[in-house]
Amino acid sequence: METRKNILRGSLFGALTMPSAAFAEWGLNMPVGVTEISRSVFSLHMTIFWVCVAIAVVVFGVMFYSMFHHRKSRGAKSAHFHENTTVEVIWTIIPVAILVAMAVPSAATLIEMYDPSDAEIDVQITGYQWKWKYDYLDEEVSFFSNLSTSRDAIYNAEQKGENYLLEVDKHLVLPVDTKIRFLLTANDVIHSWWVPDLAVKKDAIPGFINESWTIIEKPGIYRGQCTELCGKDHGYMPVVVEAVSKEDYAAWVATIKAEAAAKADLAGKTWTLDELMTEGEQVYLKACAACHMPNGEGLPGAFPALKNSPIAVGDVAAHIDIVVNGKPGTAMQAYKDQLSAVEMAAVITYERNAWGNNTGEAVTPNQIADMSWDMDRLMTVGEEVYGKACAACHQPNGQGIPGAFPGLVGTDIVMGDIGAHIDIVVNGKAGSAMQAFKDQLSPEEIAAVVTYERNAWGNNVGDSVKPSTVASWNGGEK
Amino acid sequence: MSVAADTKKLVARLVLGTVLMFGFGFAMVPIYNVFCEITGLNGKITRTGESEQPLVVNQDRTVKVRFISVFNEEMPWEFEPMQKVYQVNPGQMQQTAFVATNPTANNMVAQAIPSVSPSEAAQYLQKVNCFCFDRQPLDAGATAEMPMVFFIDPEIPEHLDSITLSYTLFDITDQQQVAEAKNDNNDKRSTL
Amino acid sequence: MNSFFSAMRSTLSSFLGVQSEKQREEDFTNGKPIHFIASGLILAAAFVVVVMLVVEGVLALAQK
Amino acid sequence: MSTADITAEHHDDHHDHGPAKGLSRWFFTTNHKDIGSMYLWFSLAMFLVGGSMALVIRAELFQPGLQLVEPGFFNQMTTMHGLIMVFGAVMPAFVGLANWMVPMMIGAPDMALPRMNNWSFWILPFAFGMLLLTLFMDGGAPNFGWTFYAPLSTTYAPDSVTFFIFAVHMMGVSSIMGAINIVATILNMRAPGMTLMKMPLFVWTWLITAYLLIAVMPVLAGVVTMMLMDIHFGTSFFDAAGGGDPVLFQHVFWFFGHPEVYIMILPAFGIVSAIIPTFARKQLFGYASMVYATASIAFLSFIVWAHHMFTVGMPLAGELFFMFATMLIAVPTGVKVFNWIATMWRGSMTFETPMLFALAFVILFTIGGLSGLMLAIAPADFQYHDTYFVVAHFHYVLVPGAIFSIMAAVYYWLPKWTGHQLNEGAGKFHFWMSFIGVNITFFPMHFIGLAGMPRRIPDYALQFADFNAIASVGAFIFGLSQLIFVWNVIQNIRSGKKAEAKCWEGAEGLEWSVPSPAPYHTFTTPPQIEGAK
């Protein structure tokens, strides 16, 4: 296979592709790219380009010669010939020969591109209006990749960065020297996934699956865009591929999986009182016992006791607050950056039930997580999320686009029942362009954006949503 | 013959041509489908496989078959292949299933549309029993197992050693209701 | 029949984009339109078949 | 056959030999010259409307970032620009030229079906009026590109898509009626002695174009009808959920779309083949080859459509087939250029305005053709597809191709229409401004396309900024220079030196045997044809 490919590619290349490197640096030309395929495509491109230039030089040369010498003002008298079959046959055969010569390496490269043999890594790429979703099929890793350029940059309110419109929040991380297969499909309309440096461009079509592949040879960041008109924000769904060494890739997969697992712990797992107590005791001994003493009696005069203290048996919220945020002016630290939400929930539960405190209350990790989400933070984050996920349709000012996307100012959904509002964001609205955001946004982000929508643009409903409400949201609880 | 008569005849022919070409536009739909089924163009596969099981099982090679599930639009179901990857010998009968759950509070109807990649492999992936193109209703909160039995045609060329079969799940609840409303007027209220 | 083959020849050379004045006069004095339409269809079909065969050949070569 | 009796039959409603007075002249006219003029004025209006939209696009793209329009409106502009230029400017202009010139070139008194002629014109203002009014609808005008790929144009389309579909139906009906009329005129109305083999090449190319129109406009009507049914009647031709296929849409569309490309360029070949011999004072080289090659291009244009769809995921065999077929049929198109150059070779050339446009056509169309050849190479097309390289390619073929040929034709025949000699100064000024503007606009697009800028985006990454700015400047030069054209045409109608019957020294053909301006009715008695073409 390999040798034949080389024969097929033939001698036509080589010499012709030499002067092209200069072009690439000016940003005038197709990138040479970082795969064997992209280099083949590049040399095909340069070959056909020079062939075209040669044809043009000859044709226009003859034409200009004629225009100059056979003009009436120079006294040219017109000849009378108007047919010469031999000449016509010759000038037909030459282009045919050139084209046949071009067809051979073209077919060879095309066949190579279509090599369907098995790959080491399969990535499913799904086009959405207007973002990409990447599923690493063998790794159970999956995420959305959104444009990360700010709206202010787009609307010229701030400086445009180096990678303006070609930057995303999460890169498609891939190992080098590994055959990677892309399985492309779409969620709504046809998109097309293109990375020039990989010479991969393939349409993503709803209901159908397409495939393409690549072997990246050089670590680096390669940027591309959607190339099939897919609606309003077609220009705002870039592709960013980050090629890393195999080791770094393995490490990246491990990290992203650990993050996912931590998240799942928080949101997914239901903690029983016993589990929290067991975990809590560990945490207590590690983080609290030095001051509050293992028996919870503290060191009188220096560190208060927890046994039967107003904090530990009183209002849960106050208890959570002091653990999360500490108590200014005292030795009580803020633990929010030191302990995970699970650990804090466990230790608070432990403190409220150990040493005869026996309140019987279990604090869930979600309650802890909610703590850090006060109204201000919800609104700040909500505005960011809104800009990223909602403003494209509903517009930054919430007015929507009449006839296409409903406005959010003063409408029933944002002013009315908060449950219905959460539900439409979490689960989408069937038969409309409103997507289900549960897989695209975190519970925190959804809580923030719902809160934002209910309080921005003069809506001022005044209520807010906690992430835990969203995390446990089930379409059924309407 | 007079020019007027000539013209009339000519115009009649040209109008006929126009009508035929208009019809041809529509005829391209079935032609295309037949063409797709023969060539596997676009990874389309036959609606319901009624293929015979081949007698020979080629033990010398295996083909990797990967199943993936895709959701269209805001389709909220959970829908997963029971096992994502199979290594099968060509000719070997393999049974699998997709598990679908409707987590919403509404009764819904879905339809799974299959697609095979690479498209030339479509004609070699034979499905004996499949839920493709079937309408799958699921009550709120219900789960169903959607079984399929397939085998790889032993004729499959050597260079095809890895096949992907995707199912895209479409929410057709609304269409289904419209269809039902049209089909019987017996005051059948929607369960929504 | 003769005129049909002459039409075939004319059509074939028209695919290349070359035709002599003499042949053209011949076509327009003795040729029948139906022969040109028929040969056009036949040769277009033949062209499709030939290209398809070439493709088959190329694929057979590549996937051996 | 006799043209006398058809004359009697169709002209019995106005025995006088001048036009009716007032507006009713234009509403009820069956005169090919009146209708031709209306087509041309309509086309000019649409050219200016569509051009203004292009200027909105270029103004937004002058700098990175969003300055003037929102992305949604930008998409409406690109869509409407494409639709209006293809169906409203280029095609009606060619039909207008055919109306004016075909009867005069073949010695016929009028078109074969004058009443239908009136009707096929008057459909157009309504079709485009409706299309333009969608801009003011809720949800806006069509925003899915002139290629309107499903499901963006069906499930995800704004409400105005229904009006778009009806507008396309109406333009289709108009084009088909126009085409039938032209075929009937050419086949049945030729003066005695004007055999097929003596017809000017413009008549030949239009005959073939008319057949193409009859073959593919119904397919376009079919595909939009299927869309209509998908949107409103619950079918699923293009909806995967119901077992349909969005890719099928592309196949049917390009089955129409590729021959459509030739519809927009074959009459231009005819025009250039009339102008170059006139100003080279030498007979067209290889007339026979040109006629035959045009016919076979038309035939073969039906089997290469999927080269517009290389990235759609066709099987390898399909890709190879369409790549080979496309490369091969490029040849008969390419050798036409050699024929024109051979016509100039050892001629006695002068460079009046029509000739300048025709020569620019040859050069710039060739550049467009060569980039087309590059696009035919499927593996490379993966990098070119849907980038500005493609935009550069088809604008080179359509603007300095189709549009320049129309301008050349207007300048060439204007003295015949108005009876006044051309203002060469204004004409040449218009030419040079257009020529410079067109190249500044479209040449840099090759570079930004290769460097990776997708088409149909309202905003772009910073590395494309310089060339986009240049292209925008060029677009405004080109756009504004068309005002010279409008001024020149109006001036020419109003005043100017009296033009002779044969106002170009080297011109050949029947149209130059009638006085300038051409009388309202020409060839009421068929002319005597000699050996000339």
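If a residue has to be open to solvent by less than 30 Å² (accessible area, probe 1.4 Å) and over 22 Å from the mean Cα position of the chain (by Cα) to count, how many in the range D:417-450 make the cut? Break it down stepwise before answering.
Let us first name the residues in the range D:417-450 that are open to solvent by less than 30 Å² (accessible area, probe 1.4 Å), namely D:418-419, D:422, D:426-427, D:430-431, D:434, D:437-438, D:441-442, D:444-446, D:448-450.
Keeping just the survivors that are over 22 Å from the mean Cα position of the chain (by Cα) gives D:418-419, D:422, D:426, D:444, D:446, D:448-450.
So the count comes out to 9.
What pairs can you find where one residue is in the range A:67-94 and at the interface with chain D (Cβ under 8 Å from one of its Cβ atoms), the other is open to solvent by 60 Å² or more (accessible area, probe 1.4 Å), and their Cβ atoms are less than 6 Å apart, with a gap of 6+ or different chains?
Filtered contacts from the range A:67-94: A:70/D:346; A:79/D:346; A:82/D:283; A:92/C:16.
So in the range D:322-341, with the set limited to residues that are touching a residue at least 12 places away in the same chain (Cβ under 8 Å) and farther than 16 Å from residue D:293 by Cα, which one is nearest to the other protein chains (Cβ to nearest Cβ)?
D:341
Answer yes or no: is there a residue in the range A:329-339 that is assigned to a loop (DSSP other than H, G, I, E, B) and among the acidic types (Asp, Glu).
yes
To keep it simple, each residue is scored yes or no on (1) farther than 30 Å from residue A:173 by Cβ; (2) open to solvent by 70 Å² or more (accessible area, probe 1.4 Å).
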| residue | (1), (2) |
| --- | --- |
| A:255 | no, yes |
| A:273 | yes, no |
| A:277 | yes, no |
| A:280 | yes, no |
| A:283 | yes, no |
| A:306 | yes, no |
| A:310 | yes, yes |
| A:336 | no, yes |
| A:348 | yes, no |
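Of (1) farther than 25 Å from residue A:466 by Cβ; (2) in contact (Cβ under 8 Å) with a residue 40 or more places away in the chain; (3) touching a Pro at 6+ places or on another chain (Cβ under 9 Å), residue A:298 satisfies all except one. Which?
Here residue A:298 meets the rest and fails (2).
With respect to the numbered conditions (1) open to solvent by 50 Å² or more (accessible area, probe 1.4 Å); (2) within 11 Å of another protein chain (Cβ to nearest Cβ); (3) in contact with a helix residue (DSSP H, G or I) (Cβ under 9 Å, 6 or more places away or on another chain); (4) at pLDDT below 85, which one is the sole condition not fulfilled by residue B:105?
(3)
Right, residue A:109: within 7 Å of another protein chain (Cβ to nearest Cβ), modelled with pLDDT under 90 and either part of a helix (DSSP H, G or I) or under 30 Å from residue C:13 (Cβ atoms) (or both) or not?
When the stated conditions are applied, residue A:109 does not pass them.
Might you let me know whether the range A:122-140 holds any residue that is among the charged types (D, E, K, R) and open to solvent by less than 10 Å² (accessible area, probe 1.4 Å)?
Yes, the conditions are met somewhere in the range A:122-140.
A quick yes/no check of all residues on (1) crowded, with 24+ Cβ neighbours inside 10 Å; (2) small (Gly, Ala, Ser); (3) within 14 Å of chain C (Cβ to nearest Cβ):
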| position | (1), (2), (3) |
| --- | --- |
| D:269 | yes, no, yes |
| D:292 | yes, no, yes |
| D:306 | no, yes, yes |
| D:365 | yes, no, no |
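Is there any pair linking a residue in the range C:24-44 that is surrounded by fewer than 18 Cβ atoms within 10 Å (Cβ to Cβ) to one that is in a loop (DSSP other than H, G, I, E, B), with Cβ under 8 Å and at least six apart or on different chains, and which?
C:28/D:195
Kindly establish whether residue A:179 is more than 17 Å from the chain's Cα centre (by Cα) and open to solvent by 10 Å² or more (accessible area, probe 1.4 Å).
Details: more than 17 Å from the chain's Cα centre (by Cα): yes; open to solvent by 10 Å² or more (accessible area, probe 1.4 Å): yes.
For residue A:179, the condition - more than 17 Å from the chain's Cα centre (by Cα) and open to solvent by 10 Å² or more (accessible area, probe 1.4 Å) - is met.
Out of all the residues in the range A:407-425, which are surrounded by fewer than 20 Cβ atoms within 10 Å (Cβ to Cβ) and in a loop (DSSP other than H, G, I, E, B)?
Those that are surrounded by fewer than 20 Cβ atoms within 10 Å (Cβ to Cβ) and in a loop (DSSP other than H, G, I, E, B): A:407, A:409, A:410, A:411, A:416, A:417.
In the range A:42-60, how many are facing chain D (nearest Cβ under 7 Å) and surrounded by fewer than 19 Cβ atoms within 10 Å (Cβ to Cβ)?
Within the range A:42-60, the first condition is being facing chain D (nearest Cβ under 7 Å), and the residues that meet it are A:44-45, A:48-49, A:52, A:55-56, A:59-60.
Filter once more, keeping what is surrounded by fewer than 19 Cβ atoms within 10 Å (Cβ to Cβ): A:56, A:60.
The qualifying residues number 2.
Any idea which residue in the range D:153-175 is nearest to residue A:189 (Cα to Cα), counting only those that are open to solvent by less than 10 Å² (accessible area, probe 1.4 Å) and part of a loop (DSSP other than H, G, I, E, B)?
Filtering the range D:153-175 for residues that are open to solvent by less than 10 Å² (accessible area, probe 1.4 Å) and part of a loop (DSSP other than H, G, I, E, B), the one nearest to residue A:189 (Cα to Cα) comes out as D:153.
From A:388, A:429, which residue is closer than 30 Å to residue B:78 by Cβ, assigned by TED's automatic domain parsing to the domain that holds residue A:453 and not in a helix (DSSP H, G or I)?
A:429
Among the residues of the range A:160-194, write down those that are within 9 Å of chain D (Cβ to nearest Cβ) and not small (Gly, Ala, Ser).
A:160, A:162, A:163, A:164, A:165, A:166, A:184, A:188, A:189, A:190, A:194, listed by residue number.
Can you tell me which condition residue A:434 does not meet? The list is (1) surrounded by 19 or more Cβ atoms within 10 Å (Cβ to Cβ); (2) part of a helix (DSSP H, G or I), and all the others hold.
(2)
The values are calculated or read from the model by the stated rules, or taken from the named source; none is laboratory data. The structure displayed is predicted, hence computed values, not measured ones. Ideal geometry is used to build each Cβ from the backbone, glycine not excepted, and the neighbour counts take in all protein chains shown. SASA here: full protein model, heavy atoms, side chains in, ligands and nucleic acids out. Shrake-Rupley method; radii C 1.70, N 1.55, O 1.52, S 1.80 Å.
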